[in-house]
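Colleague: Below is one structure. I have some questions about it.
The values are calculated or read from the model by the stated rules, or taken from the named source; none is laboratory data. Here the structure is a predicted model, which means the values were calculated and not measured. No Cβ is skipped: glycine too gets one built from the backbone with ideal geometry, and neighbour counts run over all protein chains shown. In case anyone asks, the SASA skips ligands and DNA or RNA and just uses the protein heavy atoms, side chains included. Shrake-Rupley method; radii C 1.70, N 1.55, O 1.52, S 1.80 Å.
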Amino acid sequence: LCTAIIFNSQSPWDLVLVFFFGIFIAAIGENLLLVILGCLVLSVVSVVIVLLSGKGEIELDPAALLRIPLLFGASVVYGYLSDQVKQEKRKAAQLEASRTQQLRMKDQFLSHVSHELRTPLTAVYQFLTILWDGLAGDLNEEQREYVGIILRNIKQLQTMVGDLLEATRADSGKLAIDPQVILL
């Protein structure tokens, strides 16, 4: 490619043409095969245009023929790089979609688990308060101590489940915030 540019003394605009054709092919090519075919066609067309733009005579000039490998090579390089960029963008989009789906599934799982844990914890807490208040009969000191330990642990577990539920709501945007003015 460099040799073709050095020996091509047809026009100083050749480098601009190389750049333009490369960008054009890179923009329209969906895969490398289409890019190569498009590069070949545009290179040949550029030579035909140079031949026909002469003084009414068709003359095959070696410098004009040098445009074919020059434009073809540059366009293929641009096209290949463009193809690689498009593939990387597709991979990044797929990765982002997968990550979004995983986050959504995690949020749904945590929300479901926290809701399902609340019901049995509430039932256990209610029955323990019945025992603690003595509605099911009197407790001796040792039983009362054990029920007190269980009540503290149940409250701690309920707080953890509530925090988990709030975190899931915050991540999914369902957490309602009610700002208020308070005196410090």
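Colleague: With touching a helix residue (DSSP H, G or I) at 6+ places or on another chain (Cβ under 8 Å), farther than 30 Å from residue 100 by Cβ and hydrophobic (A, V, I, L, M, F, W, C) as the only criterion, which of 121, 165, 183 stands out?
Modeller: On inspection, the qualifying residue turns out to be 121.
Colleague: Let me ask you something else. Go through the stretch 104-158 residue by residue and tally those that are open to solvent by 60 Å² or more (accessible area, probe 1.4 Å), not small (Gly, Ala, Ser) and not in a helix (DSSP H, G or I).
Modeller: Going through the stretch 104-158 one residue at a time, the tally reaches 3.
Colleague: Residue check: is residue 166 modelled with pLDDT of 90 or more and in a helix (DSSP H, G or I)?
Modeller: no
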